[in-house]
Amino acid sequence: MGSVGGEGFGGKCLSILQGLYQGHRRFVRVGERDTEWIKCDKGVKQGYVLSPLLFALYLANLSKQLQEVEGVKLGNECISGLLFADDLVLTAESEVDLQRQLGVLANFIRVHRLEINMAKTKVMKMGPGCYQEKAWPIVNPDGSLIGDIEETNVCDYLGVRLGCSRIFQQHCNMMERAIPRQIGLVKVKAKNTPLRKTGTDLLWRMASRPKLLYGVEVIHNVELPSYTPMIKCWIGRIPLRALIDTGATVSIISKSLAKRAKVTIEEETQEIRIASGSKHTVHITAPIEIAFPLADGSMFTTKPMPFLVLDTLPQDCLIGCDLLNKYHAAPCFAKQALFLFGGKKKQVD
C-alpha cells in the first residue's frame, strides 16, 4: 500500500484498502471442484472493480521515472512509455535510450517485487537498420542478468497488429483474412435463429462487423491497393463488369446492354431521381437472371428479377442494395466478386 499512499491516498481511504487485502485468500475452481484456500500476499483481486485502478496507481511511479529518460518526440511531447493495465510499451529513438529505459524498468521491478514475462516481451525496431537483430539484456543494478529480450518483426498491442515496416499493413492483412471466417460464423449461427434474415443482419452488424473494424480509428496513411468498385458478372453468356453502388436502392442496366442481351423491355415505366437530383423516366425489364463469381471461386446465379433500364447509364450495369440485401451479399473488390451470406449456389456453364 506504500505506492498508493505515495499518490496522496491516506486516512480512512487507505485503511479501507488495507482491510480489503488483509489476510487475502483465493481458491482455484477446476471443473466442478474447488481447491483449498490459498493465502495470497501478491497481486490484486481477480475481477474486482478496483483492481485496474489499484494496479495503475502501483505503476504510477514507473511512469514518472521513465519520463526522466529520453523517449519518442511527438510535437512538443516526449513519450517514453505507454501503460495499460499490465501491458507496458517502452518507446525510444535510439538503442542507448532504450537500454536506459530497460535499466529503469529492471530497478523498478526489483524494488516492487514484480516479474517480467520474458516469453511475451519483445523488442521491435522501425526504420533504417531494423533488420539487424541483437539481444537486449535486462540487468539488475547489482549487475546480475534478469534475461535477454529477443527482437521481432511483428507484435500485437491491445488487439492491433503492428509491423516494423508499413506499420498497420499487418493488421489490415489480418482483418482481410478474417472476413471469410466471420461470414462463415454468421451463416452457421443465423441458421439457428427463427428469423434467418433478421438474425443474419443482427449478427453481422453487432458481432462480425465490429471485430473486422477494430483498430480502424488509429490506422491512417496505410498503403492499400486501390480497388475500383466493379465486379464481373454475366447476363446469359454476355460478360460484363457491374458497378456496385451500396447507396443505390435499385439495380439498373443500360439500354445498350439490354439490346445486346436481348432482354425484353416491358412497356411499364417508372420515374426515379438520381444523385444529381434530376428525374429520369425508366423502363422495366422482364425478370432476368444474373450470374456472379463468389470470393471462394464458385458461381452464383440470382433468381429472375426485373431491372430498370436507363438510357444514359455510363456502365453496362449498376448493382444496388436491393439485390445485395436480398441475398445478404457484400462486394469483394480485390477479387471482383461477392461474399455471400445466404442463398443457394448454382454453377453456370
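Between residue 36 and residue 256, the modelled label-to-label distance comes to 8.7 nm, taking each label 7 Å out from Cα in the direction of the beta carbon. The stretch between residue 195 and residue 154 holds 10.5 nm of extra length on full extension. This uses 0.36 nm per residue minus the Cα-Cα distance. Shown for the range 56-210: lysine pairs separated by 8 or more places, or found on different chains, whose C-alpha atoms are under 12 Å apart, numbering 4. Taking chymotrypsin sites (Phe, Trp or Tyr not before Pro) across the range 58-135, the ones in a DSSP loop with at most 13 further Cβ atoms lying within 10 angstrom of their Cβ are 131. For residue 332, the residues whose modelled amide H falls within less than 5 Å of its own, excluding neighbours fewer than 5 places apart on the same chain, are 337, 338, 339. For the pair residue 51 and residue 65 in one chain, pulling the backbone fully straight at 0.36 nm per residue adds 2.8 nm over the alpha carbon distance. The slack between residue 88 and residue 119, meaning 0.36 nm per residue of separation minus the straight C-alpha distance, is 9.7 nm. Would you mind telling me the share, in percent, of accessible area of the range 88-166 contributed by carbon and sulfur at probe 1.4 angstrom? About 51 percent, which is the carbon plus sulfur part of the accessible surface. Shown is the FRET efficiency for residue 326 and residue 206, computed with R0 = 25 Å from the Cβ-Cβ distance and rounded to the nearest 0.05: 0.75. A simple rule links phi to the HN-Hα coupling: the Karplus curve 6.51 cos²θ - 1.76 cosθ + 1.60 with θ = phi - 60°, which for the range 138-145 gives 10, 10, 5, x, 7, x, 6, 8 Hz, with x for Gly and Pro.
The values are calculated or read from the model by the stated rules, or taken from the named source; none is laboratory data. All figures in this text were calculated on a predicted structure; none of them were measured in a lab. So basically every Cβ, Gly included, is an ideal-geometry build from the backbone, and we count neighbours across all protein chains shown. Just the protein is used for accessible areas: all its heavy atoms, side chains included, with ligands, DNA and RNA removed. Shrake-Rupley method; radii C 1.70, N 1.55, O 1.52, S 1.80 Å.
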